[in-house]
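Enquirer: There's a structure below that I have some questions on.
The values are calculated or read from the model by the stated rules, or taken from the named source; none is laboratory data. Please read all numbers here as calculations on a predicted model, not as lab measurements. All Cβ positions, glycine included, derive from the backbone under ideal geometry; neighbour counts span all protein chains shown. Ligands, DNA and RNA are stripped out before the accessible areas are found, and what is left, the full protein with its side chains, is counted by its heavy atoms. Shrake-Rupley method; radii C 1.70, N 1.55, O 1.52, S 1.80 Å.
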Amino acid sequence: MHHPGLAKNSNSGKNKLRIVKVLIILALIMLIVLIFLFFEDKAGAPDNKNSSLPKAVSEEVRPKTFKTFSGKEFEDLYNSFVYPNTQSINEDTPITGNDKADTRIRQIAVERGYKLRSAPVTDTFKEVQKDMFLQQKAAQAWRVLSKKAAKDGLTLKLTAAYRSAKDQKAIFLSRLKGVSYVLIAEGKADDKVDMVLETTALPGYSRHHTGYTVDIACASDPSVKFENSACFDWLNKNNYLNAKKSGWIPSYPDGAGKQGPRPEAWEYVWVGTDVLK
């Protein structure tokens with residue numbers, strides 16, 4: 001006997017079973033996709049030991065090395081460096097009292113490579129040796145430099161530090177003594193003026209005016225010229241590395257241009273370590 005109601009119920013059960021199977025298959029597919037995505041993400045994620053953050057930190061704390069300078073680069077640096085607590089000296093600083101003679105002296109000086117310098121604005125001087133003063137940052141750097149030299153068995157001594165334009169004027173005029181200012185003004189004593197400028201800056205044109213320049217002697221090797229001393233070798237080696245570590249650079253390195261006087265191996269200028277790295 002045919003029972004249509006019973007057949008209908010049987011078909012309905014089969015349909016439900018198919019739906020369940022489809023849902024199970026879809027669920028398995030979704031699970032497989034999720035598992036795949038999870039492991040792909042893990043594989044692509046940066047390893048904690050080699051992540052970019054530690055690399056960035058290590059780059060920040062890595063010590064900076066000192067740059068190697070040519071003689072011209074040293075010269076450009078100390079001529080362009082803005083020295084703390086200084087301002088440019090007035091170009092009209094008197095020398096002899098004869099305006100025409102002063103103008104002629106400046107012309108000869110500039111032809112030799114002299115440049116107008118700057119002088120302290122306020123008194124921040126520290127005595128670094130008897131009757132020798134430097135601006136505070138240079139004074140501290142000088143102490144560091146001399147202590148480092150002492151550790152290597154060398155004794156550095158200062159022969160000059162800060163010098164005012166007034167003091168420079170007295171030195172310059174004492175060496176110009178006997179030369180007629182009238183003849184200088186007329187351009188008839190250029191050779192004599194040039195001879196003085198060979199060893200002595202005119203007032204306003206000395207690096208010593210800034211309070212950041214020193215003349216060094218080698219007290220542990222006094223019997224030879226400074227450029228032949230153990231102190232100079234110590235300062236000079238590896239592109240003046242020992243000097244640079246305390247922020248000092250040479251005023252007259254090999255390869256620099258005309259700067260006024262004959263090159264002075266003993267003169268050094270403070271610029272700090274930041275600009276040297």
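Enquirer: Does Val144 satisfy being over 21 Å from Lys258 (Cα atoms) and in contact with a strand residue (DSSP E or B) (Cβ under 9 Å, 6 or more places away or on another chain)? Explain how you work it out, then say what you get.
Expert: Working: over 21 Å from Lys258 (Cα atoms): yes; in contact with a strand residue (DSSP E or B) (Cβ under 9 Å, 6 or more places away or on another chain): no.
No; evaluated as a whole, the condition is false for this residue.
Enquirer: Now a separate question. Out of region 106-123, which residues are touching a residue at least 60 places away in the same chain (Cβ under 8 Å) and of a type outside the set (Lys, Arg)?
Expert: First pass over region 106-123, keeping only residues touching a residue at least 60 places away in the same chain (Cβ under 8 Å): 106, 108-109, 112-120.
Those that are touching a residue at least 60 places away in the same chain (Cβ under 8 Å) and of a type outside the set (Lys, Arg): Ile108, Ala109, Gly113, Tyr114, Leu116, Ser118, Ala119, Pro120.
Enquirer: Assuming Asn242 fulfils every condition listed in (1) of a type in the set (S, T, N, Q); (2) in contact with a Ser or Thr (Cβ under 6 Å, 6 or more places away or on another chain); (3) on the phi < 0 side of the Ramachandran plot apart from one, which condition is it?
Expert: Evaluating Asn242 over (1) of a type in the set (S, T, N, Q); (2) in contact with a Ser or Thr (Cβ under 6 Å, 6 or more places away or on another chain); (3) on the phi < 0 side of the Ramachandran plot leaves (2) as the failure.
Enquirer: Moving on to the next point. Only one of (1) among the charged types (D, E, K, R); (2) surrounded by 18 or more Cβ atoms within 10 Å (Cβ to Cβ); (3) out of contact with any His (no Cβ under 7 Å at 6 or more places or on another chain) fails for Asp92. Which number is that?
Expert: Condition (2) is where Asp92 drops out.
Enquirer: Related question: Inside region 152-161, can you point out the residues that are touching a Ser or Thr at 6+ places or on another chain (Cβ under 6 Å), within 20 Å of Ser251 (Cα to Cα) and either open to solvent by 60 Å² or more (accessible area, probe 1.4 Å) or among the charged types (D, E, K, R) (or both)? Steps first, please.
Expert: To start, the set of residues in region 152-161 that are touching a Ser or Thr at 6+ places or on another chain (Cβ under 6 Å) comprises 154-156.
Next cut, within 20 Å of Ser251 (Cα to Cα) only: 156.
Hits for region 152-161: nothing passes.
Enquirer: Looking only at helices (runs of 4 or more DSSP H) that fall completely inside region 85-203, which ones have 3 or more residues that are under 30 Å from Lys245 (Cα atoms)?
Expert: Details: elements: 99-112, 136-151, 165-175, 181-185, 190-197.
Those helices (runs of 4 or more DSSP H) span 136-151.
Enquirer: Next question. When region 141-151 is examined, which residues are found to be under 16 Å from the mean Cα position of the chain (by Cα) and surrounded by fewer than 18 Cβ atoms within 10 Å (Cβ to Cβ)?
Expert: none
Enquirer: Same structure again: Restricting to region 208-240, name every residue that is in contact (Cβ under 8 Å) with a residue 40 or more places away in the chain, in a helix (DSSP H, G or I) and either open to solvent by 50 Å² or more (accessible area, probe 1.4 Å) or touching an Asp or Glu at 6+ places or on another chain (Cβ under 7 Å) (or both).
Expert: Selection gives Ala230, Cys231, Trp234.
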